[in-house]
1. Tell me the label-point distance for the pair residue 99, residue 213, using the 7 Å Cα-to-Cβ offset, in nm and rounded to one decimal.
2. For the stretch 40-221, just run the numbers: alpha carbon Rg, then divide by 2.2 N^0.38 Å, N being how many residues it has.
3. Just want the ordering: 97, 152, from fewest to most Cβ atoms lying within 10 Å of their own Cβ.
4. Taking other Cβ within 10 Å of each residue's Cβ, how do 58, 91, 167 sort, fewest first?
5. Starting from the Cα of residue 178, step 7 Å along the direction of its Cβ; do the same at residue 113; then give the gap between the two resulting points in nm.
6. Output wanted: per-residue J couplings in Hz (rounded whole) for the stretch 189-201, from phi through Karplus 6.51 cos²θ - 1.76 cosθ + 1.60, θ = phi - 60°, x for Gly and Pro.
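Derivation of every value follows stated rules applied to the coordinates shown; laboratory data play no part. Keep in mind that what you see is a predicted model, and the values were worked out from it rather than measured. Cβ coordinates were reconstructed from backbone atoms using ideal geometry, including for glycine residues, and neighbour counts include every protein chain displayed.
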Amino acid sequence: MDQRAILAPRRALITAAAAGAVLGLAGCGKNDAKGEDVSATEDLMREHGVLRRILVVYRETAAFVRANFSGVDGRQIWRAADLFRRFGQAYHEQQLEEAHIFPGALKAGGEAAALVPVLIAQHARGRQITGYIQAKTAGGAIAGADAGALAEALESFARMYEPHAAYEDTIVFQAWRASLSKQQLAEAAEQFEDIEKTAFHGDGFDLAVREIEDIEKALRVHGLARYTAPAPGAADAGVLPTPQTEEGAD
Ligand SMILES: [Fe+2]
Ligand SMILES: [Fe+2]
């Protein structure tokens, strides 16, 4: 069934609400598992959460690749890069940010507008690096001659994307939101939901969270507790486990 046909009655409801009848609905178009509203900016920022988890996988895996490239399953790195390509680049960056957020930020002017050309250049560099990572990991085994450059690509991608997402969260998304009325924000949230459902044939965020969890488990970098920092001066400070010695990360 056409998703737009399913969504049409809800969109009409939201439009009526945004017209002034129910102020509590303004700015919201998506529901979480409890039926609570998810605003357009929360939606963008929780997508960054998924992408940050891919960056964590990149950083951890880069250390594994440097320590023992032959023990790393390149297929899982390929999967992480492919999730970033589909969810981060083709959807979040191109269909939401470049199509909707950045034009609004440019119109708003000021600091947010000045960041837009840099953000677009970083999207392009990100796609280039993703292509490289996928090319070097598609076969599963990582070639010894590629190990150093692959580790560098994984780390440089993470180094670029961490501030990229942080500047978007704190400056660009805020400027975009401030430039719109409550009704326009409600309509944007509905539009973003339509784009997501069309792109992923369902809730893209939920699907992406499940996918990154699966990749984290396969690489044995799953579970928040493993990232708790050692006490300053502790003997094991700075020692990273490798895939061969890591036991039951989750
Ligand atoms: Fe971006
Ligand atoms: Fe972003």
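1. Using points 7 Å along Cα→Cβ, the separation is 2.8 nm.
2. Its radius of gyration relative to the 2.2 N^0.38 Å reference: 1.08.
3. Lowest count first: 152, 97.
4. Ranking 58, 91, 167 by Cβ neighbours within 10 Å, fewest first, gives 167, 91, 58.
5. Simple spin-label model gives 1.4 nm for this pair.
6. 4, 5, 5, 5, 5, 4, 4, 5, 5, 5, 5, 10, 6
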